[in-house]
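Here's the structure, in structure tokens; my notes come after.
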Amino acid sequence: MTLLSVQSVSKNFGGLWALRDVSVEVEAGTIHGLMGANGAGKTTLFSIIAGNQRATSGSVLFDGQPVGGLSPDRICRRGIARTFQIVRPFPAMTLLENVEVAILFGRRNPPSTTEAAAMARAFLRDVELDQQADLPAQSLTLSGRKRLEVARALGTGPRLLLLDEVMAGLTPAEVGEMIEALRRVKNSYGLTIVIVEHVVQALTALSDRITVLHHGETIAEGLPAEIAAHPDVIAAYFGQDDT
């Protein structure tokens, strides 16, 4: 079953096309990778899906219903959560409080504050931050902030999780830990995930399918092994050999 359907989406910024006629179908229960160099349009596509920007043309359907034009909070309450490349938790608030805010204000039917606290600890446990739950968010390392961002997204109770470079800047060991955490939460909560990632090995290890964007256009889509061998992807990333 298709959970997310992006249909011929284009985005123009004052004459500059960030996206041109991009279509992506994401099946429920899968991890769909979104690959491309800086400026390819990946984050713009995320922003359109999540309601932070409006498409110039095209449509976005979530579970068969159009969400284009809805505000980010309404889209979030329908079950789409996103993380951001630059993580900005509430620095003076504890990790627990950060996740409680997501639970209380990101859900269509929020629980009581007592229930929210228990749920927040569980989400922090999922990303192995429960031992630091009562520390201020500003005390975290980059890896910790990335994991807190995932926990906050989980707090909104999503069906679809949009992850924007949650492994950027992490060490190889931290990347491995994040991969395991993402697999764990996907299985625990029955999530569908769309992930943007420049750590190509991590993207191919996680993804069931991958869509590749280049200068705002789709140049390839398929299984990870197919993408790795695709001539257009090789040319875009490594240059065309004309000899």
Which numbered condition in (1) surrounded by 15 or more Cβ atoms within 10 Å (Cβ to Cβ); (2) modelled with pLDDT of 95 or more is the only one that D134 fails?
(1)
For region 192-206, which residues satisfy the criterion of being closer than 22 Å to G29 by Cβ, touching a residue at least 60 places away in the same chain (Cβ under 8 Å) and out of contact with any Asp or Glu (no Cβ under 9 Å at 6 or more places or on another chain)?
I193, V194, T204
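Rundown of residues vs (1) touching a strand residue (DSSP E or B) at 6+ places or on another chain (Cβ under 8 Å); (2) assigned to a loop (DSSP other than H, G, I, E, B), yes/no style:
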site	(1), (2)
V9	yes, no
A18	yes, no
E25	yes, no
H32	yes, no
S47	no, no
L70	no, yes
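State all residues of region 102-122 that are aliphatic (A, V, I, L, M) and either in contact (Cβ under 8 Å) with a residue 12 or more places away in the chain or within 17 Å of G144 (Cα to Cα) (or both); if no residue qualifies, say none.
Those that are aliphatic (A, V, I, L, M) and either in contact (Cβ under 8 Å) with a residue 12 or more places away in the chain or within 17 Å of G144 (Cα to Cα) (or both): A102, I103, L104, A116, A117, M119, A120, A122.
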Exactly one condition in (1) within 28 Å of E226 (Cβ to Cβ); (2) of a type outside the set (D, E); (3) touching a Phe, Trp or Tyr at 6+ places or on another chain (Cβ under 8 Å) is not met by G79; state its number.
(1)
Restrict the check to region 133-149 and report whether at least one residue is part of a helix (DSSP H, G or I), acidic (D, E) and under 22 Å from G29 (Cα atoms).
yes
Just one of G222, G190, G176 is modelled with pLDDT of 90 or more and farther than 27 Å from D130 by Cβ; which is it?
G222
For residues in region 86-112 being of a type in the set (D, E, K, R) and assigned to a helix (DSSP H, G or I), which is surrounded by the most Cβ atoms within 10 Å (Cβ to Cβ)?
E100
Where S59 falls short, out of the listed (1) assigned to a strand (DSSP E or B); (2) within 17 Å of the chain's Cα centre (by Cα):
(2)
Which condition number in (1) modelled with pLDDT under 95; (2) over 30 Å from Y237 (Cβ atoms) is the one that S71 fails?
(1)
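Counting only residues that are polar (S, T, N, Q) and touching a residue at least 24 places away in the same chain (Cβ under 8 Å), which one in region 62-92 is nearest to I193 (Cα to Cα)? First the steps, then the outcome.
Initial filter on region 62-92 (polar (S, T, N, Q)): 65, 71, 83, 85.
Checking the rest, the ones that are also touching a residue at least 24 places away in the same chain (Cβ under 8 Å) come to 83, 85.
Details: T83: 11, Q85: 16 Å.
Checking each candidate, the answer is T83.
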Considering R159, R152, R125, which residue is at pLDDT 95 or above and touching a helix residue (DSSP H, G or I) at 6+ places or on another chain (Cβ under 6 Å)?
R152
For region 206-227, indicate whether the set of residues that are assigned to a loop (DSSP other than H, G, I, E, B), within 27 Å of P89 (Cβ to Cβ) and among the acidic types (D, E) is non-empty.
no
For region 77-85, state whether one or more residues are closer than 25 Å to A137 by Cα, in a helix (DSSP H, G or I) and not hydroxyl-bearing (S, T, Y).
yes
With (1) closer than 18 Å to S207 by Cα; (2) loosely packed, with under 15 Cβ neighbours inside 10 Å; (3) among the charged types (D, E, K, R) as the list, and D21 as the residue in question, which single condition is left unmet?
(1)
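The values are calculated or read from the model by the stated rules, or taken from the named source; none is laboratory data. If you're wondering where the values come from, they're calculated on a predicted model, not measured in any experiment. All Cβ positions, even for glycine, are placed from backbone atoms using ideal geometry, and neighbour counts span all protein chains on display.
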